[in-house]
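Below is a structure I'd like to ask you about.
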Amino acid sequence: MQLDIALIHYPVVNRNGEVIGSAVTNLDLHDIARAGKTYGIGTYWVVTPFPEQRELAEQIVGHWTKGFGGTVNPHRSEALSLITVCASYEEALSAATHRFQRKPLVLATCAREQENTVSYAEVRSRVFDHGSPVLLLFGTGSGLGQELLSSVDGVLPPLRGYTGFNHLSVRSAVSIILDRLLGEREDKWAKKNR
């Protein structure tokens, strides 16, 4: 399986739809890395154009992978070792392309319906049946900017419950989406336990 994820901090939008850059958070680094390790992703790209934010992210990752934190909590070290901090989406895409030795299918996530929607079943088939590399983009703030959404190969369907409330944290969305794409399916579990 060849699947990387990228957490984009720019270009994202705020509540008013304006393009902004958002701040890196400690919780996003830890929780998304742990979900990524659980589901077997290759690299977790943390994308921010702001030098101070990259430095902060690298300090946090370094504490858990090379510093004292890693000696106290080796599982956390293992998860955070998936993180690579970079300055732009283009840098992440270039590095992922180099790592996969071919350009990955670039898919975005969005809480709103998009015209270029690709089903979870299709992505699972591409990953597991065809061995296609995938770079999956997640937006911070109120989501990815429209220009970036329009430039990708496809967008996964929005996550929805039955309540009409649709404001998950990006950490929760990553976990749910990784499970939908990479998690063991219930039918397989049922067959194994008969």
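Any residue in the range 118-128 that is touching a residue at least 60 places away in the same chain (Cβ under 8 Å), farther than 28 Å from Q59 by Cα and either assigned to a loop (DSSP other than H, G, I, E, B) or touching a Lys or Arg at 6+ places or on another chain (Cβ under 7 Å) (or both)?
Within the range 118-128, one or more residues are touching a residue at least 60 places away in the same chain (Cβ under 8 Å), farther than 28 Å from Q59 by Cα and either assigned to a loop (DSSP other than H, G, I, E, B) or touching a Lys or Arg at 6+ places or on another chain (Cβ under 7 Å) (or both).
If we scan the range 144-155, do we find a residue that is assigned to a loop (DSSP other than H, G, I, E, B) and either at pLDDT 95 or above or touching a Lys or Arg at 6+ places or on another chain (Cβ under 6 Å) (or both)?
Step one: list which residues in the range 144-155 are assigned to a loop (DSSP other than H, G, I, E, B), which gives 145, 152-153.
Applying the additional criterion that residues be either at pLDDT 95 or above or touching a Lys or Arg at 6+ places or on another chain (Cβ under 6 Å) (or both) yields 152-153.
Among the residues of the range 144-155, at least one is assigned to a loop (DSSP other than H, G, I, E, B) and either at pLDDT 95 or above or touching a Lys or Arg at 6+ places or on another chain (Cβ under 6 Å) (or both), which makes the answer yes.
Taking into account only those residues within the range 1-39 that are charged (D, E, K, R) and not in a strand (DSSP E or B), which is modelled with the lowest pLDDT? I'd like the intermediate steps shown before the answer.
Taking the range 1-39 as the starting set, the residues that turn out to be charged (D, E, K, R) are 4, 15, 18, 28, 31, 34, 37.
Okay, now just the ones that are also not in a strand (DSSP E or B), so 15, 18, 28, 31, 34, 37.
Values: R15: 93, E18: 96, D28: 98, D31: 98, R34: 97, K37: 98.
So the residue we want is R15.
Could you please give the count of residues in the range 40-69 that are in a loop (DSSP other than H, G, I, E, B) and free of Cβ contacts under 8 Å to residues at least 12 places away in the same chain? Even if it seems obvious, please write down each step before you answer.
Start the filter on the range 40-69 by keeping residues that are in a loop (DSSP other than H, G, I, E, B), which leaves 40-43, 48-50, 66-67.
Pick out the ones that are also free of Cβ contacts under 8 Å to residues at least 12 places away in the same chain and you get 66-67.
Final tally of qualifying residues: 2.
Select from the range 70-96 the residues that are closer than 17 Å to I32 by Cβ, in a helix (DSSP H, G or I) and not aromatic (F, W, Y) and write down the one among them that is most open to solvent (accessible area, probe 1.4 Å). First the steps, then the outcome.
Just the residues of the range 70-96 that are closer than 17 Å to I32 by Cβ, to begin with: 73, 75-86, 89, 92, 96.
This time we only want the ones that are in a helix (DSSP H, G or I), so: 75-80, 89, 92, 96.
Next, from what is left, pick out any that are not aromatic (F, W, Y): 75-80, 92, 96.
On the way: H75: 145, R76: 52, S77: 22, E78: 89, A79: 4, L80: 0, A92: 0, A96: 0 Å².
Checking each candidate, the answer is H75.
Right, something else. All but one of (1) open to solvent by 20 Å² or more (accessible area, probe 1.4 Å); (2) in contact with a strand residue (DSSP E or B) (Cβ under 8 Å, 6 or more places away or on another chain); (3) part of a helix (DSSP H, G or I) hold for V174; which doesn't?
All conditions pass for V174, except number (1).
In the range 5-27, what residues are hydrophobic (A, V, I, L, M, F, W, C) and either exposed (fewer than 12 other Cβ atoms within 10 Å of the Cβ) or farther than 16 Å from V61 by Cα (or both)? Let's see the steps before the verdict.
Step one: filter the range 5-27 for residues hydrophobic (A, V, I, L, M, F, W, C), giving 5-8, 12-13, 19-20, 23-24, 27.
Residues satisfying the conditions are I5, I8, V12, V13, V19, I20, L27.
Using beta carbons and a limit of 6 Å, which pairs, at least six apart or on different chains, have the first residue in the range 79-104 and closer than 23 Å to K66 by Cβ and the second one in a helix (DSSP H, G or I) and open to solvent by less than 10 Å² (accessible area, probe 1.4 Å)?
Final answer for the pair search is A79/A33; L80/A33; L82/A33; L82/G36; I83/A33; V85/A57; C86/A92.
The values are calculated or read from the model by the stated rules, or taken from the named source; none is laboratory data. Since the model is a prediction, treat every value here as computed from it, not as a measurement. A quick note on method: Cβ atoms are made from the backbone with ideal geometry, for glycine too, and the neighbour counts reach across all protein chains shown. Ligands, DNA and RNA are stripped out before the accessible areas are found, and what is left, the full protein with its side chains, is counted by its heavy atoms. Shrake-Rupley method; radii C 1.70, N 1.55, O 1.52, S 1.80 Å.
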